[in-house]
């Protein structure tokens, strides 16, 4: 019997580095929404590491959530494909490199993965999240709830945000 929830939301970032906290803050708001633990697992860490490839095993879909310094506001959504990149051999990995490791370990394609990159502005040590980043987070959480409810990734952001959030 497989007890692994089919959906995983993985957020990463550092709560002590200003807007870098957007990933974990998003997961906290999703936790507060009372999602069904049998359907959705929420996992956060400081950064992606090779060991996290094992967290993808048994999943149907995965949503990665991170802060972005260069993406559009309030957030950007992209499908993630396995790829080797410079992060493959560093301490922190990209989602693309993580999916590549998954494929190598499991001998099969990774689950469908999406990246929700929430726009941040300030990432200084000891800074609180900026007002702009919190506004972007407020727009991203309804999108994430809609994604969990099954709204397609390529649906317009406005349509996804209005989708039911009963995941």
ask   = Restricting attention to the range 28-45, does a residue exist that is surrounded by 21 or more Cβ atoms within 10 Å (Cβ to Cβ) and within 16 Å of residue 138 (Cα to Cα)?
value = yes
request  = Being within 16 Å of the chain's Cα centre (by Cα) and farther than 25 Å from residue 120 by Cα is the filter here, so list the residues in the range 17-38 that pass it.
outcome  = 35
inquiry  = If residue 93 satisfies all but one of (1) assigned to a loop (DSSP other than H, G, I, E, B); (2) surrounded by 20 or more Cβ atoms within 10 Å (Cβ to Cβ); (3) touching a strand residue (DSSP E or B) at 6+ places or on another chain (Cβ under 6 Å), what's the number of the condition it fails?
reply    = (3)
request  = Could you check, for the range 69-81, whether at least one of its residues is outside any loop (DSSP other than H, G, I, E, B), in contact (Cβ under 8 Å) with a residue 60 or more places away in the chain and surrounded by 21 or more Cβ atoms within 10 Å (Cβ to Cβ)?
outcome  = yes
task = From 138, 132, 144, grab the single residue that is touching a strand residue (DSSP E or B) at 6+ places or on another chain (Cβ under 8 Å), farther than 15 Å from residue 9 by Cβ, at pLDDT 95 or above and part of a helix (DSSP H, G or I).
result = 132
key: Any pair with Cβ under 7 angstrom, 6 or more apart, that starts in the range 124-145 at a residue that is loosely packed, with under 13 Cβ neighbours inside 10 Å and ends at one that is in a helix (DSSP H, G or I)   = 124/18
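The values are calculated or read from the model by the stated rules, or taken from the named source; none is laboratory data. As the structure is a computational prediction, the values presented were derived from the model and not from experiment. Methodologically, a virtual Cβ is constructed for each residue, glycine included, from the backbone with ideal geometry; neighbour enumeration extends over all protein chains shown.
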